[in-house]
Amino acid sequence: MREVSVTVNGRARKRMIKDNELLLDFLRERLEVRSVKAACWRGECGLCTVMLDGHLVKSCLVLAVEADGREVKTVEGIANDGELAPIQKAFVAHGAAQCGFCTPAWVLATHELLRTNPHPSDAELVEATGGLICRCGTYNQIREAVAEVSAASKPHRQPRESLARA
Amino acid sequence: MSFGSPYTTLPDFEYHKPTSLEEVLGLLKQYGDEAKLMGGGVGLIAFMKERLMSPGHVIDVKEVKELKILENSPGNGLSIGAAVTLSELLEGGVLKKDYTVLHEALAKVADPMIRLRATLVGNLCEAIPWVDSPPALIALDATVSIAGPDGSRSVPVSAFIRGPVDIDLGPSEMVTAVKVPHAKGSQSAFEKFTGGSEFSLASVAVSMSPGGRNKRARVVYGSVNSTPVRSAEVEEAIKDGITPGSIRKAAELASEKVECVDDVLASAAYRRHLIKVITTKVLRRMMSQ
């Protein structure tokens, strides 16, 4: 066992862990951050996606000990003072969730995409979220949600291709 | 590899995070067979979950400064340290111009989140028959730099991969870098067919040196056999230039001569068909460039 200290959504958390623990288990089981979902356990579905030091990673493929001294952000960390982020509101408005199991990962990933690239083309959206799967098939609603946030952000510019193909 | 295994935990191990190459070699000497090196961990963590590997010691080399080196110069070519990630390689733009075949092979590996952590050396060392980097590296005449208790040595990638999941590396040795000779003015491209799955069912890597006396072509097929397959017949067919005629001939020869295997992913006959298609596709693209 060793002690690790990880800043999760701005709050420093210390826990004793074993070297073979996954970051996914550390977040879900030790810290009870339950928006981080465990599904495939092998880096395919992307539902355990979190931000580690500002980069999206699949937490089932990261050791908890690797996060020692680093910063983790989950979907809980993107709302501002209790007000939902624009992409969260857009997900609600467009019904971009059916069962909702994958939604935290999609919200986090599209939030990050729009932060780094406010006007993504459809190809860029597909590429950036290529590691995520939605089994209910809400991809078109997610497209619409991203397109709405993209269109509302300044400077106003038409996306290169129409995002909302539906 | 048994997919859909119930394993969601990792075997017990001790985690080490050295910061220098000397430290890594010391740990390898101490633990030998008991230790596994971890770059991005993408492969190792998956293997450990499947209990295909249960190392007592995991040595994380991400912070080893000597392994973070990524250099490109006309004299020495491209040197890719063992801890350089696929994202770093792709985003640096270093591959796009002179090492196109490698750029095209890596740009389609998994997804951006995986590429952020996975390393080229890790990808290569897994020596899984359907990974895309080995054929591209062999087409570029790349070599593997190895460090160990008895000093350093260098092996061509084609010889380094001995068989499926079998590489020329001793228990106390490690791959420090992959070196690719400078390929200025050469033309290269990569094509694969995945059938919509995550695995290549067939891939082809082509590299052509600029014309003149030392003209040479390399054509390497991946995912069709247990190790990448070079085809001298196809190379001969396109050596003097890529034309509609030589493309037709190359595609026929490829389908006829390249040895393909039957496995759970595809039959040999289907692979021979795919080889014809991707050979035509890749060469047509090169012809029009």
Given the residues A:100, A:95, A:82, which is the only one that is more than 14 Å from chain B (Cβ to nearest Cβ), among the small types (Gly, Ala, Ser) and under 29 Å from residue B:7 (Cβ atoms)?
A:100
Of the residues in the range B:197-225, how many are modelled with pLDDT of 95 or more, assigned to a loop (DSSP other than H, G, I, E, B) and touching a strand residue (DSSP E or B) at 6+ places or on another chain (Cβ under 6 Å)?
3
Check residue B:198 against each of (1) surrounded by 13 or more Cβ atoms within 10 Å (Cβ to Cβ); (2) outside the structural domain of residue B:119 (by TED's automatic domain parsing) and name the one condition it does not meet.
(1)
Between a first residue in the range B:46-75 that is over 17 Å from residue B:147 (Cβ atoms) and a second residue that is in a helix (DSSP H, G or I), which pairs have beta carbons less than 6 Å apart while being 6 or more apart in sequence or on different chains?
B:53/B:47; B:56/B:34; B:57/B:31; B:57/B:34; B:72/B:94
From the set of residues in the range B:262-289 that are farther than 21 Å from residue B:217 by Cβ and aliphatic (A, V, I, L, M), which is surrounded by the most Cβ atoms within 10 Å (Cβ to Cβ)?
B:266
Give the residue that is nearest to residue B:20 (Cα to Cα), with candidates limited to residues of the range B:74-85 that are under 21 Å from the mean Cα position of the chain (by Cα) and either within 14 Å of another protein chain (Cβ to nearest Cβ) or surrounded by fewer than 21 Cβ atoms within 10 Å (Cβ to Cβ) (or both).
B:83
Would the range B:99-112 turn up any residue that is touching a Phe, Trp or Tyr at 6+ places or on another chain (Cβ under 9 Å) and of a type in the set (Phe, Trp, Tyr)?
no
Answer yes if at least one residue in the range B:133-150 is outside the structural domain of residue B:55 (by TED's automatic domain parsing), surrounded by fewer than 18 Cβ atoms within 10 Å (Cβ to Cβ) and small (Gly, Ala, Ser), and no otherwise.
yes
Go through the range B:14-45 residue by residue and tally those that are in contact (Cβ under 8 Å) with a residue 40 or more places away in the chain, of a type in the set (D, E, K, R) and within 14 Å of chain A (Cβ to nearest Cβ).
2
Any residue that is over 21 Å from residue B:131 (Cβ atoms) and at pLDDT 95 or above - is there at least one of those in the range B:34-41?
yes
(1) at pLDDT 95 or above; (2) within 17 Å of the chain's Cα centre (by Cα); (3) under 18 Å from residue A:51 (Cβ atoms) all hold for residue A:80 apart from (1)
Residue list for the range A:64-79, filter: of a type outside the set (D, E, K, R) and either closer than 18 Å to residue A:148 by Cβ or surrounded by 14 or more Cβ atoms within 10 Å (Cβ to Cβ) (or both):
A:64, A:65, A:67, A:72, A:74, A:75, A:77, A:78, A:79
In the set B:62, B:68, which member is touching a Gly at 6+ places or on another chain (Cβ under 8 Å), of a type in the set (Lys, Arg) and either at positive phi or within 9 Å of another protein chain (Cβ to nearest Cβ) (or both)?
B:62
Provide a single number: the residues in the range A:130-147 that are of a type in the set (Lys, Arg) and either within 14 Å of chain B (Cβ to nearest Cβ) or touching a residue at least 24 places away in the same chain (Cβ under 8 Å) (or both).
1
Options B:165, B:157: the member that is buried (at least 23 other Cβ atoms within 10 Å of the Cβ) and within 24 Å of residue B:24 (Cα to Cα)
B:157
Residue that is farthest from the other protein chains (Cβ to nearest Cβ), among those in the range A:1-48 that are closer than 24 Å to residue A:102 by Cβ and among the small types (Gly, Ala, Ser):
A:35
List the number of the failed condition for residue B:30; all other conditions in (1) more than 25 Å from the chain's Cα centre (by Cα); (2) surrounded by 18 or more Cβ atoms within 10 Å (Cβ to Cβ); (3) not in a loop (DSSP other than H, G, I, E, B) hold.
(2)
Selected residue (criterion: surrounded by the most Cβ atoms within 10 Å (Cβ to Cβ)) from residues of the range A:29-63 that are outside any loop (DSSP other than H, G, I, E, B) and touching a Lys or Arg at 6+ places or on another chain (Cβ under 8 Å)
A:49
Pairs returned, first residue in the range B:121-134 that is touching a residue at least 40 places away in the same chain (Cβ under 8 Å), second residue that is surrounded by fewer than 23 Cβ atoms within 10 Å (Cβ to Cβ) and among the polar types (S, T, N, Q), beta-carbon separation under 9 angstrom, 6 or more apart or interchain, are B:127/B:227; B:129/B:225; B:129/B:226; B:129/B:227; B:134/B:158; B:134/B:227
Which condition from (1) crowded, with 21+ Cβ neighbours inside 10 Å; (2) modelled with pLDDT of 95 or more is the one that residue A:5 breaks?
(1)
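The values are calculated or read from the model by the stated rules, or taken from the named source; none is laboratory data. Computed from a prediction, not measured in an experiment: that's the story for all the values here. For neighbour counting, all protein chains shown are included, and Cβ atoms are generated from backbone atoms with ideal geometry for every residue, glycine included.
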